[in-house]
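The values are calculated or read from the model by the stated rules, or taken from the named source; none is laboratory data. Remember, predicted model here, so these are calculated numbers, not experimental data. Ideal geometry is used to build each Cβ from the backbone, glycine not excepted, and the neighbour counts take in all protein chains shown. Side chains included, ligands, DNA and RNA excluded: accessible areas come from the protein's heavy atoms. Shrake-Rupley method; radii C 1.70, N 1.55, O 1.52, S 1.80 Å.
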Amino acid sequence: MPSYRYLGDLHEYWVDFEDGHTEQYISATQLLDYHGLISEYGKNKEAALRGNMVHLASRYRFENRLDWTSIDERILGYVQSLDLWVKATGFVAEDCEVRIWNDHLKLAGTYDVKGYMPDGGKFLIDLKSGVKEEWHRYQVALYLILEGGYRRRGCLYLKEDGDMAEFVSHDDPMDMVNAISLLNVLRIHEKLSR
């Protein structure tokens, strides 16, 4: 059975196979970037650092182990925004920051949180601390493909000022088709460049 490694500082997903060879799988985000869908804002180092800090604090909030006194003031509003949304919706996190690999697709990714609402509705959610962008729908589609099983998917846009976060559901089934098409085009390019 292969073993899987994630190199966080490089945002790389690697697979070590039993026969001794190693292979890097493309991540959902790298795939979207390959096709030019991620804006320059989405690649901004300062925004990425803020996003990482927000994601860590959010994970602790979802796991009910957040020390509110330890939160950096630069991200406090985002975490308060999440807290208001969780309290208002009753969302219960089942798992956070889940790394997943698909050996058939040679694709990997890390989604932020999956869980359920009080009515039993299951969700896979990506947290966003920046602006809404069209590529977000394809990112969560790729995560749902990797995750397998049925869940609704969407993005939760956290507010810097601490106002309640806004959940945007991405329910268009064509998002899944388009996401797989992006992967297929990449594979064709790889094959033609050999």
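Observations on the model:
- If the condition is being more than 13 Å from TRP135 (Cβ to Cβ) and touching a residue at least 60 places away in the same chain (Cβ under 8 Å), then region 1-44 contributes PRO2, TYR4, TYR6, TYR13, VAL15, GLU23, TYR25, ILE26, SER27.
- Unmet criterion (only one of (1) at pLDDT below 95; (2) surrounded by 17 or more Cβ atoms within 10 Å (Cβ to Cβ)) for TYR78: (1)
- Pick from region 40-61, criterion open to solvent by less than 20 Å² (accessible area, probe 1.4 Å) and modelled with pLDDT of 95 or more, ranking: farthest from PHE167 (Cα to Cα): ALA57
- Scanning region 97-120 for residues that are of a type in the set (Asp, Glu) and part of a strand (DSSP E or B) yields GLU97, ASP112.
- Some residue of region 87-96 being open to solvent by less than 20 Å² (accessible area, probe 1.4 Å) and part of a strand (DSSP E or B): yes
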